[in-house]
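Let me begin by presenting the structure, written as structure tokens, before commenting on it.
Computed from the coordinates by the stated procedures, all read-outs in this text should not be read as laboratory data. All values reported here derive from a predicted model rather than from experimental measurement. Cβ coordinates were reconstructed from backbone atoms using ideal geometry, including for glycine residues, and neighbour counts include every protein chain displayed.
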Amino acid sequence: MLENMAGVGESMETPGSQTSLHRANLERVVRAVRMAGSLTQAEIARSTGLSAATVSNIVRELKEGGTVEVTPTSAGGRRARSVSLSGDAGIVIGVDFGHTHLRVAIGNLAHQVLAEESEPLDVDASSAHGFGRAEQLVNRLVETTGIAPGKVIGVGLGVPGPIDVESGTLGSTSILPGWTGINPGQELAGRLGVPVYVDNDANLGALGELVWGAGRGVKDLAYIKVASGVGAGLVIDGHIYRGPGGTAGEIGHITLDESGPVCRCGNRGCLETFAAARYVLPLLRPSHGADLTMDRVVQLAREGDPGCRRVIGDVGRHIGSGVANLCNLLNPSRVVLGGSLAEAGELVLGPIRDSVSRYAIPSAARQLSVLPGALGGRAEVLGALALVLSEMGDSTLLESTLPTASPAFT
Ligand SMILES: [Zn+2]
């Protein structure tokens, strides 16, 4: 047995052998198409570094195996062939828990969104209630779209708080008190019977905008989400950067003023204390009423209310200071502002750009574009779909093309 396995390993799978090289090339092409949705053969060659002839042969092989679909298109006025993963190859599901809503989307591997629905939900109250509602909504959407449950490859799950990478539990219980000690991925996987991949809302917003929205075509991006806190999802060279503890992107706790207001993290003068709703709304409530919300402030600012314009502009300047620090450290080519604050448009984006050009080193600021998110409240749930596409691995997809591939050697 051992002898046999060693023999197979040497003849079939030794790194550098023809077979393993071929498989590696197949995986490179599948991975490029998986995250991009569809690419022409020339684009695949550019992004994988493979020759046009190799790409052409590999695409033919993947098409015969049913892994990809090839459709005629035009690129720069010339006829081209657009390659995408076969829509039939599998189904992915996104589940997004916000503080006040639950949203579910169903998509296929060709990046088509087949169904999407959201409902109001007090997520903070009880995790068991939240997971029960998510299970019901997923099952209902799978049924109404007529998808065979066996086709579901995985579920991406977004939660509004940092996930501890080691334990898979929510890192900060002060953000979601009803979720203390819960492992959200295990909980949902137990209910749905498929693999579940979990990430926080800022990382998923970044992935959603990268794959479907304002971040398309770039590899280095920061997605800034301003809600009850201020967070950033960081994409570096096409991948989400989480850090060993999963806390990368906590831009909200950059110190802007050492003697500023005390933050919920215990420090003083964090960016969050100048930009998050809980600190900003009290500035306007005496003049604008006790039930004022951030969405209403944005709406009033757009209608010309001077107080709301002033506050939104100040929020933009402060976020811009944080973005300038981020620019100096990471030099992203694009910053995407998500959440409802993005609907303030130039009222907030202009001051962000002003602060960036004031505080970032000129070479980093010059290359940066600051844009509003293109997906609005859908960014996180679409990012949850993208998370499955990014994490699922290629073995499942290559089964039909390489029926003899042995998982023991991959
Ligand atoms: Zn803080």
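Can you pull the one-decimal nm distance between simple spin-label points at S363 and E117, each 7 Å off the Cα toward Cβ?
5.4
Report, in degrees rounded to the nearest 10, the 0 to 90 angle that the Cα long axis of helix 346-359 makes with the longest principal axis of the chain.
90
How big is the charge dipole of the chain about its Cα centre, in debye rounded to the nearest 20, if each Lys and Arg gets +1 on its Cβ and each Asp and Glu gets -1 on its Cβ?
Here the size comes out at about 1180 debye.
Between E143 and L330, what FRET efficiency follows from the Cβ-Cβ distance if R0 is 35 Å, with the result rounded to 0.05?
Details: r = 44 Å, r/R0 = 1.25.
With R0 = 35 Å, the Cβ-Cβ based efficiency is 0.20.
Given a 10 angstrom Cα cut-off, can you work out which residue in T67, T40, T145 is the most mobile in a GNM of the chain?
T145
Taking every Cα atom in the stretch 194-243, find the radius of gyration and the maximum pairwise distance Dmax, and write them in Å.
Values for the stretch 194-243 (Cα only, Rg and Dmax): 11.0, 32 Å.
Among A290, G345, L102, which residue has its Cα furthest toward the positive end of the charge dipole of the chain, with +1 on Lys/Arg Cβ and -1 on Asp/Glu Cβ?
Result: G345, furthest along the dipole toward the positive end.
Please name whichever of G233, G245, N183 sits farthest to the positive end of the charge dipole of the chain, dipole taken about the Cα centre and charges placed at Cβ: Lys and Arg +1, Asp and Glu -1.
Going by the charge dipole, the pick is G233.
How would you rank C327, C270, going from fewest to most other Cβ atoms within 10 Å of each one's own Cβ?
Ranked by crowding around the Cβ, least crowded first: C327, C270.
Which shape class, rounded, prolate or oblate, goes with the stretch 108-225 when its Cα gyration tensor gives a ≥ b ≥ c as root eigenvalues, a/c under 1.5 marks rounded, and past that a/b bigger than b/c marks prolate? Walk me through the numbers on the way to the answer.
Values: a/c = 1.72, a/b = 1.05, b/c = 1.64.
Here the stretch 108-225 falls in the oblate category.
Rounded, prolate or oblate: pick one for the stretch 18-93, where a ≥ b ≥ c are the square roots of the eigenvalues of its C-alpha gyration tensor, a/c under 1.5 means rounded, and failing that, prolate if a/b is larger than b/c, else oblate.
Taking the square roots of the gyration eigenvalues as a ≥ b ≥ c, the stretch 18-93 is oblate.
Amide H of V370: which non-local residues (sequence gap of 5 or more, or other chain) have their own amide H closer than 5 Å, using H built in the peptide plane?
For V370, whose amide H was placed from the backbone, the distant partners under 5 Å are V335.
Counting only helical runs of four or more DSSP H residues, what would the 222 nm mean residue ellipticity of the chain come to if each run contributes -39,500 (n - 2.57) and the total is spread over all its residues?
Here the helix-only value at 222 nm equals -13000 deg cm²/dmol.
Please give the FRET efficiency for T100 paired with R60, using the beta carbon to beta carbon distance and R0 = 56 Å, rounded to the nearest 0.05.
Taking R0 as 56 Å, the efficiency between T100 and R60 is 0.70.
Please find, in a Gaussian network model of the chain (springs between Cα atoms separated by less than 10 Å), the residue of D201, D164, D305 whose mean-square fluctuation is greatest.
Result: D305 has the largest fluctuation of those listed.
If you take the beta carbon distance between D164 and L21 as r and set R0 to 51 Å, what does 1/(1 + (r/R0)^6) give as a FRET efficiency, to the nearest 0.05?
For R0 = 51 Å, the calculated efficiency reads 0.85.
Restricting to the chain, compute how many DSSP beta bridges are antiparallel as a %, nearest 5.
Antiparallel: roughly 65 percent of the beta bridges in the chain.
Over all alpha-carbon pairs of the stretch 296-400, lay out the pair-distance distribution in 10 Å bins, whole %, shortest bin first.
Whole-percent P(r) values from 0 Å outward: 15, 34, 28, 15, 6, 2, 0.
Specify whether the C-alpha gyration tensor of the stretch 169-270 places it in the rounded, prolate or oblate class, a ≥ b ≥ c being the square roots of the eigenvalues: rounded for a/c under 1.5, otherwise prolate if a/b is larger than b/c and oblate if not.
Oblate, because a/c is 1.5 or more while a/b does not exceed b/c.
To the nearest Å, what is the center-to-center distance of the stretch 120-172 and the stretch 14-49, using C-alpha atoms only?
So the two Cα centres are separated by 32 Å.
Relative to the longest principal Cα axis of the chain, at what angle does helix 201-212 sit, 0 to 90 degrees, rounded to 10?
Tilt of helix 201-212: around 60 degrees.
Please report, in whole Å, how far the alpha carbons of the chain spread along each principal axis, starting with the longest.
For the chain, the Cα extents along the three principal axes come out at 76, 49, 40 Å.
Under the rule of at least 5 residues apart or a separate chain, name every residue whose amide H is placed under 5 Å from the amide H of H101.
Correct list: L121, V123.
Could you work out the local net charge near A276, counting Lys and Arg as +1, Asp and Glu as -1, over the other residues with Cβ closer than 12 Å to its Cβ?
Working: positive: K225, R264, R278; negative: E272.
Here the charged neighbours net out to +2.
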